[in-house]
Amino acid sequence: MTTVDRPPATWHDLEIGEALEALSAQRGGLTAEDAERRMKVYGPNTIEHDDGPPWWRVLARQFTSPLIYALIASAGVAFAFGEVVNGAVVLAVVLLNSAIGFVQEFRAGQAISALAEMVATPANALRSGEWTAVASERLVPGDVVEMAPGGRVVADLRLIEDHGLRADESALTGESVPVDKSARSVPTETVLAERSSVLHAGTIVSSGTGQGLVVETGGSTELGRISGLLSSAERTATPLTRSIALLGSRVTRIIAAVTVVLLAVALARGYPLADAALAAITLAVAAIPEGLPAIVTIALAIGVRRMARQRAIVRELPAVETLGATSVICTDKTGTLTRNEMVVRRAWTPDGEVSFEGQGYAAEGRVVRDGEEVMQVPDSVERLLVAAVLANESRLTGDAAARQVVGDPTDAALLAAADRAGLSRSALAERPRVDLLPFDADRRYMAGVFETPDEIAEPMTYVKGAPEVVLEHFPDLMTAPAREALERYAGEGMRVLAFARYRGVLMAAASWPDTLELLGLVAMIDPPRDGVAESIAECHRAGIAVKMITGDHPGTATAIGRELGIVGELPALTGPEIAELDDDALLARVGRTAVFARVAPEHKLRLVRALQANGAIVAMTGDGVNDAPALRQADVGVAMGITGTAAAKEAADIVLADDNFATIRSAISEGRRVYDNLVKALAFALPTNVGEGLVILVAVLVFPVVGGQPILPIEPVQILWINLIATVSLALPLAFEAREAGLMSRGPRDPHEPLLSRFVLVRTAYVGILMCAIAVATFVISLDASGEPLTGGQTPSDGALAEAQTLAVTALMFFQVFYLLMCRTLKQPIRSIGFFSNHYVFFGVGAVIVLQAAFVHVPVMQQVFSSSGLNLTQWMVAALAGAVVVPVVGLEKLVRRRRTHQPKGSS
């Protein structure tokens with residue numbers, strides 16, 4: 001067997017005989033023996049895919065955080081020195097955090113599997129001279145297969161026979177309407193979307209029939225090539241995950257250093273080794289923000305739920321926050337910016353021009369001329385619309401307000417225009433059709449012959465076709481106004497059809513007579529969605545650049561972009577032009593260009609990478625197989641839920657349930673809110689760790705060591721109670737805070753800026769110091785009140801020590817309650833957002849107070865946490881001590897606001 005190894009990009013330019021010769025094949029197909037031999041050479045017609053990492057590897061990744069390392073080390077030391085309860089609690093925290101991460105991450109990436117499924121259908125192949133049902137994976141280059149309407153193409157085919165064949169390639173190319181296919185070869189440089197001589201695997205035959213020669217299978221198909229691009233696309237770390245990893249690494253290093261110093265100091269002050277180690281463990285447990293993973297995960301999950309209400313389904317939790325940091329949105333045109341419904345907008349006739357108003361394929365709408373509604377359309381327009389209805393092979397089904405298309409969307413738009421003009425399509429449907437010449441990619445027109453109401457008259461032939469084909473049969477003087485209108489419509493990105501009629505039977509264009517009557521032109525477009533222009537304008541105000549990346553024609557894309565406000569410094573850049581640019585040249589162009597047209601999958605991937613190389617956080621939208629690699633490469637991949645393919649949805653982080661760009665804007669706003677509230681939660685939670693760590697430091701450095709026994713104001717297990725119960729329970733309500741003013745009026749945050757700004761760090765430091773002072777003061781006051789002060793030279797009794805520690809813990813709890821209220825807005829007074837605007841805050845406060853009461857008074861809790869009962873006076877002391885944070889933080893906010901609004905140059 002002789003074969004020629006040719007790349008798939010070159011099959012479209014070969015003549016049929018050349019393609020057959022290249023594969024040593026015949027029009028009559030292969031024999032069963034030859035097919036089997038070729039199977040051994042080419043392999044099965046399947047796309048290889050990776051099922052992703054095994055579950056155990058995903059689980060192991062959850063234990064690679066520096067914070068987790070520190071906690072495991074602390075638990076190990078605790079077990080080594082007999083502190084079983086403390087060690088067990090710390091280990092439980094590790095396991096809980098790891099379980100949360102495992103559940104969120106263990107989602108097998110099935111994007112490539114979804115691609116493979118797009119060709120997993122049987123085919124009708126010519127084997128040994130007979131049409132035979134062949135499993136798609138058994139097809140080989142050289143097979144001849146048959147295509148019919150509705151059938152999915154199972155391999156890359158070079159057409160060898162066609163009969164009105166049209167294919168829906170939107171999933172592969174982004175082309176919004178079915179494209180004409182022909183067995184005639186096209187030039188080598190023809191872009192993917194215009195290779196009419198080839199049917200690609202994964203596309204669907206929308207009408208007509210034909211036969212094709214299998215030229216590429218499996219990974220060598222265009223679909224397989226996209227699968228390879230998908231594998232090469234890299235998931236980038238989100239800004240939040242990078243920030244948290246950096247924060248965790250720095251916190252761990254600081255804690256490790258301080259812990260070692262504390263251990264040395266404790267030993268120098270006469271602590272027994274076990275007690276010194278316990279103090280070090282207590283410091284580590286106090287300083288490590290054990291609740292941080294839970295706070296982050298649950299805050300993001302709350303954002304996920306809110307986004308779902310706005311019809312944005314989040315598949316990967318970090319995408320919530322990343323969307324809020326987005327600086328560039330790369331959006332598809334068809335179905336996202338536009339309605340994915342063809343609508344007639346203009347009609348030109350030799351007697352004048354009219355406009356059509358209405359949405360989709362609904363019958364409701366009106367005809368307008370010179371700004372006024374036309375109650376009775378002119379006769380010339382009626383004749384044009386009669387031709388549009390009769391030279392038509394589509395149907396509209398369902399009620400008049402929400403009709404479904406059966407057939408070609410372009411023909412359906414013509415039917416809807418006729419309804420809006422008041423034509424009786426039912427009466428026209430009664431006219432018998434004598435003959436029909438279907439649309440053909442070579443002819444580029446169709447013709448229908450119908451009997452006329454006057455039985456004596458000859459039948460009438462109605463012609464519909466490409467304007468350049470129809471107009472060439474009329475004198476230039478006659479068609480000059482039509483050509484002027486055609487140029488105008490094309491400039492507006494509309495698709496134009498020309499109509500003519502002839503009394504008699506007319507089929508072959510070569511014999512069209514001079515008596516052919518030009519009826520006019522009809523211009524249609526896939527119109528922008530309602531609200532999209534406003535959403536794009538709001539994105540621009542928020543500092544977010546919007547770029548259109550489409551497989552559609554550059555003229556159409558530019559016109560839609562101009563209408564929606566997507567305009568760059570440079571004109572539209574096409575896929576072939578992108579291919580000619582090196583990486584540096586593309587980097588220079590990508591930021592100044594807003595519209596990219598006729599792009600292939602590898603072009604989309606390069607564009608996303610170029611934008612990322614320029615420092616942008618990129619959100620990429622898409623619905624087709626061709627979008628999957630770029631969706632995966634983008635910082636946030638956004639797939640369409642209605643029109644999106646399985647491959648696009650699986651490669652994406654977010655799926656839009658309504659396919660609407662306006663939903664992306666809402667999701668970005670929600671993402672910004674999530675980030676703001678997450679910072680509030682961290683600004684609330686981290687001072688607790690600082691304060692607790694300082695408490696242990698003060699105890700080791702200052703408190704006396706009596707009889708070799710160290711005295712700690714808070715036990716390790718009590719610290720875990722504060723960190724995991726009080727802190728987490730109070731931090732989570734902050735995730736429900738409303739958007740603050742000006743949220744979408746500021747630019748995207750710098751993805752490289754630290755999670756905690758200088759302002760938050762300063763507040764964390766002084767609030768932590770204040771918290772330490774409150775805990776130490778209440779502890780010392782309690783011991784003094786019990787008659788067993790630290791300065792007494794004796795170790796306090798277990799009862800006095802437990803009571804003092806319980807009072808300190810309770811004071812810290814009230815401190816957190818009051819500090820929570822101050823964190824609801826970090827820089828503004830509470831009244832700016834409304835004291836009762838977030839009722840979850842009060843649920844959280846109530847829950848923590850109830851839990852703290854159990855901590856203090858329930859015997860089982862006392863036994864586990866070494867706590868003691870408190871009287872009413874002690875509760876009041878704890879509450880008053882905790883309230884100290886309110887005036888302190890309030891004063892800092894006031895000073896900061898005055899500095900912010902102080903005129904420049906004033907002292």
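Observations on the structure shown:
- Gain on full stretching of the segment that runs from Glu189 to Glu569 - 0.36 nm per residue minus C-alpha separation: 134.0 nm
- Once backbone amide H atoms are built at 1.01 Å from N, Ser206 has Gly150, Arg166, Ala167, Asp168 as its partners under 5 Å, excluding neighbours fewer than 5 places away on the same chain.
- The spacing between region 583-630 and region 253-284, judged by their C-alpha centroids, is 53 Å.
- Centre separation in Å (Cα based) which lies between region 210-224 and region 549-578: 30 Å
- Estimated translational D of region 359-480 in µm²/s (Stokes, Kirkwood radius over Cα pairs; 10 °C; 1.306 mPa s): 100 µm²/s
- Cβ-derived FRET efficiency at R0 60 Å, Val698 paired with Ala308, nearest 0.05: 0.80
- Straight-line cross-link reach from Lys827 at under 30 Å between alpha-carbon atoms covers these lysines, not counting any fewer than eight positions away in the same chain: Lys680, Lys893, Lys904.
- When the inverse distances between all different Cα atoms of the chain are averaged and flipped, the Kirkwood radius reads 32.2 angstrom.
- Placing unit charges on the Cβ atoms of the charged side chains and taking the dipole of region 149-258 about its Cα centre, the candidate lying farthest along the positive direction among Thr252, Ile226, Leu165 is Thr252.
- For Thr217, no residue has an amide H sitting under 5 Å from its own, ignoring neighbours fewer than 5 places away on the same chain, with H placed 1.01 Å from N.
- Qualifying chymotrypsin sites (Phe, Trp or Tyr not before Pro) for region 784-865 [loop in DSSP, other Cβ within 10 Å: at most 14]: Phe835, Phe836
- Label positions at Ala741 and Asp798, each projected 7 Å from the Cα along the C-beta direction, are separated by 5.8 nm.
- Ordering Ala685, Met640, Ala600 by the projection of their Cα atoms onto the charge dipole of region 592-727, which places +1 on the Cβ of Lys and Arg and -1 on the Cβ of Asp and Glu, puts Ala600 at the extreme positive end.
- Charging the Cβ of each Asp and Glu at -1 and of each Lys and Arg at +1, and nothing else, the dipole of the chain about its Cα centre rounds to 4140 debye.
- Subtracting the Cα-Cα distance of Asp351 and Ile769 from their residue separation scaled by 0.36 nm leaves 142.0 nm.
- FRET efficiency estimate (nearest 0.05) - Cβ-Cβ, Gln404 to Arg758, R0 56 angstrom: 0.45
- Contour minus Cα-Cα distance for Val860 and Val41 (0.36 nm per residue): 287.5 nm
- For region 519-613, the set of trypsin sites (Lys or Arg not before Pro) satisfying both a DSSP loop assignment and a count of at most 12 other C-beta atoms within 10 Å is given as Arg592.
- For region 697-772 versus region 817-857, the spacing of their alpha-carbon centroids is 15 Å.
- Based on DSSP H segments of at least four residues, each scored -39500 (n - 2.57), the chain has a per-residue ellipticity at 222 nm of -14500 deg cm²/dmol.
- Distance in nm between pseudo-label sites at Phe102 and Asp442 (7 Å out along the Cβ direction from Cα): 6.5 nm
- When the charge dipole of region 489-619 is built from unit charges on Cβ atoms (+1 for Lys and Arg, -1 for Asp and Glu) and taken about the Cα centre, the candidate among Ala579, Ala498, Gly568 whose Cα reaches farthest toward its positive end is Ala498.
- The chain: relative contact order in percent, alpha carbon pairs under 8 Å with at least 6 residues between: 13 percent
- With the simple spin-label model, which puts each label point 7 Å out from Cα in the Cβ direction, the Glu534 to Ala274 separation comes to 7.1 nm.
- Listed by chain and number, the lysines whose alpha-carbon sits under 28 Å from that of Lys604, ignoring those within fewer than 8 places in the same chain, are Lys181, Lys333, Lys547, Lys649.
- Between Thr241 and Trp56, the C-beta separation translates, for a Förster distance of 25 Å, into a calculated FRET efficiency of about 0.70.
- Overall form of region 528-647 per C-alpha gyration tensor (a/c, 1.5; a/b vs b/c): rounded
- Accessible-area composition of the chain, carbon plus sulfur, in percent [1.4 Å probe]: 58 percent
- The HN-Hα couplings worked out from phi for region 752-761 by the Karplus form 6.51 cos²θ - 1.76 cosθ + 1.60 (θ = phi - 60°) are 9, 6, x, 4, 9, 6, 4, 4, 5, 5 Hz, whole numbers, x standing for Gly and Pro.
The values are calculated or read from the model by the stated rules, or taken from the named source; none is laboratory data. A quick note: this is a predicted structure, and the numbers were derived from the prediction, not measured. Cβ coordinates were reconstructed from backbone atoms using ideal geometry, including for glycine residues, and neighbour counts include every protein chain displayed. Ligands, DNA and RNA are excluded from the accessible area calculation, which covers all protein heavy atoms including side chains. Shrake-Rupley method; radii C 1.70, N 1.55, O 1.52, S 1.80 Å.
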